[in-house]
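Each remark here refers to the structure printed beneath this line.
The values are calculated or read from the model by the stated rules, or taken from the named source; none is laboratory data. Fair warning: this is a prediction, and the values are worked out from it, not measured in the lab. Quick reminder, even Gly has a Cβ in these numbers, built from the backbone with ideal geometry, and neighbours come from all protein chains shown.
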Amino acid sequence: MNALDIIQLIVSSSLIYAAPLILTALGGTFSERSGVVNIGLEGIMVMGAFMSAIFNIFFASTFGGWTPWLGLLAGGIIGIVFSLIHAVATINLRADHIISGTVINLAAPALGVFLTRAIFGAAQTGPLPESFGITNIFLLHRIPIIGPILFGNTSAPAFFGIVIAIISWFVLFKTTFGLRLRSVGEHPHAAETLGIKVYAMKYSGVMLSGLLGGMGGAIQAQAISNEFGILTIAGQGFIAMAAMIFGKWNPIGVMGAAIFFGFGQSLARIGTYIPIIQDIPSILLLIMPYLLTIIVLVVVIGRSEAPAKLGETYVKTK
């Protein structure tokens, strides 16, 4: 392989693995900007992956090539359902955010595998009839030099995630909704005095995290694993949270951090083609994304300024 081929391989593989992380990390950003810690993103991704796989298997013959995209929507919907459990527990019942999210993380894989066994008689669904696969971005892949690197043989869901990141930045920082969402994460009682419905905004943030997290799980199942099983989601939700912190709760920064972690995940697949790292033992490449997550959190955690009232229980003034 020449240098151009290696660069193209690195970029395309990084984008493929970054796609579910981008959406899930953006979901966590919306939730935490509203003041609610959603550590349950891992469990939400599991259920999104499960629902998209089920949809894909049962409706592929009906929708054909559109099945993965509709499965993406199905994953987002089940993500909203599970995020509502977290929202009710933390906002209305004033449960500890970490404990509530941990319960979701523990319950979702068990529920997904149980339902998979009940439907298919096995712990895995088997290969999905339709998947996102590899594609060329319309016309852009024909641009000399840059086109093949960025837009050829790449992942459509990754560019979908990039577009969502740009839209998320605009929504958070350029719209009234975004201003209100950020205000309830910083000073909820002050926001209440201005007539902002704090509970409604917090619910909106958590539900958006469920939608995007479920879609992230759906991409993982339909673009990378091509099935649902107990190992379809194996830490990606926590890596997405690290990307959220690394990106300082800014959608553009979060997207960049997710692509960085996507590169770390892709090394296990493409490492043998890169001269500099091809002699590194494969087991080290497999643990690379988790090692990068720990390193980033150790280095960045004290320098990133989270929303002021993140994780604190809000009680409406009487």
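Let's see how each residue does on (1) of a type in the set (Phe, Trp, Tyr); (2) touching a residue at least 12 places away in the same chain (Cβ under 8 Å); (3) surrounded by 24 or more Cβ atoms within 10 Å (Cβ to Cβ):
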| position | (1), (2), (3) |
| --- | --- |
| LEU4 | no, yes, no |
| ILE10 | no, yes, no |
| LEU23 | no, yes, yes |
| PHE30 | yes, yes, yes |
| ILE39 | no, yes, no |
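Annotation: ALA87 fulfils all but one of (1) more than 16 Å from GLU227 (Cα to Cα); (2) part of a helix (DSSP H, G or I); (3) free of Cβ contacts under 8 Å to residues at least 40 places away in the same chain; the unmet one is (3).
Would you confirm whether or not the range 210-222 contains a residue that is in contact (Cβ under 8 Å) with a residue 12 or more places away in the chain, farther than 30 Å from ILE270 by Cβ and hydrophobic (A, V, I, L, M, F, W, C)?
The initial filter retains those residues of the range 210-222 that are in contact (Cβ under 8 Å) with a residue 12 or more places away in the chain, namely 210-222.
The next check asks that each one be farther than 30 Å from ILE270 by Cβ; those that pass are 210-211.
Narrowing the set further to residues that are hydrophobic (A, V, I, L, M, F, W, C) leaves 211.
Yes - at least one qualifying residue is present in the range 210-222.
Residues that are buried (at least 16 other Cβ atoms within 10 Å of the Cβ), without any contact (Cβ under 8 Å) to a residue 12 or more places away in the chain and touching a Phe, Trp or Tyr at 6+ places or on another chain (Cβ under 9 Å) number at least 1 in the following helices (runs of 4 or more DSSP H) confined to the range 229-318: 251-270. With respect to being within 18 Å of GLY71 (Cβ to Cβ) and modelled with pLDDT of 95 or more, ILE134 falls outside the description. If the condition is being closer than 25 Å to ALA200 by Cβ and modelled with pLDDT of 80 or more, then the range 264-318 contributes ALA306, PRO307, ALA308, LYS309, LEU310, GLY311, GLU312, THR313, TYR314, VAL315, LYS316.
Quick one: THR135 ticks every box in (1) farther than 19 Å from ILE78 by Cα; (2) touching a residue at least 60 places away in the same chain (Cβ under 8 Å) bar one, so which box is it? Tallying (1) farther than 19 Å from ILE78 by Cα; (2) touching a residue at least 60 places away in the same chain (Cβ under 8 Å), THR135 fails exactly one: (2). Have a look at ARG182, ARG142 and point out the one that is on the phi < 0 side of the Ramachandran plot, out of contact with any His (no Cβ under 7 Å at 6 or more places or on another chain) and buried (at least 16 other Cβ atoms within 10 Å of the Cβ). Every option except ARG182 fails the conditions.
Scanning the range 270-294 for residues that are within 18 Å of SER14 (Cβ to Cβ) and within 20 Å of the chain's Cα centre (by Cα) gives LEU286, ILE287, MET288, PRO289, TYR290, LEU291, LEU292, THR293.
Going residue by residue through the range 41-56, is there one that turns out to be assigned to a helix (DSSP H, G or I), surrounded by fewer than 24 Cβ atoms within 10 Å (Cβ to Cβ) and modelled with pLDDT of 95 or more? Outline the logic, then answer.
Of all residues in the range 41-56, those assigned to a helix (DSSP H, G or I) come to 41-56.
Then drop every residue that is not surrounded by fewer than 24 Cβ atoms within 10 Å (Cβ to Cβ), which leaves 54.
From the residues that got through so far, the ones that are modelled with pLDDT of 95 or more too are 54.
Looking through the range 41-56, at least one residue is assigned to a helix (DSSP H, G or I), surrounded by fewer than 24 Cβ atoms within 10 Å (Cβ to Cβ) and modelled with pLDDT of 95 or more.
Among the candidates GLY64, GLY35, which residue alone is under 27 Å from THR313 (Cα atoms), of a type outside the set (D, E, K, R) and either touching a helix residue (DSSP H, G or I) at 6+ places or on another chain (Cβ under 7 Å) or in a helix (DSSP H, G or I) (or both)? None of the other options fit; the residue is GLY35.
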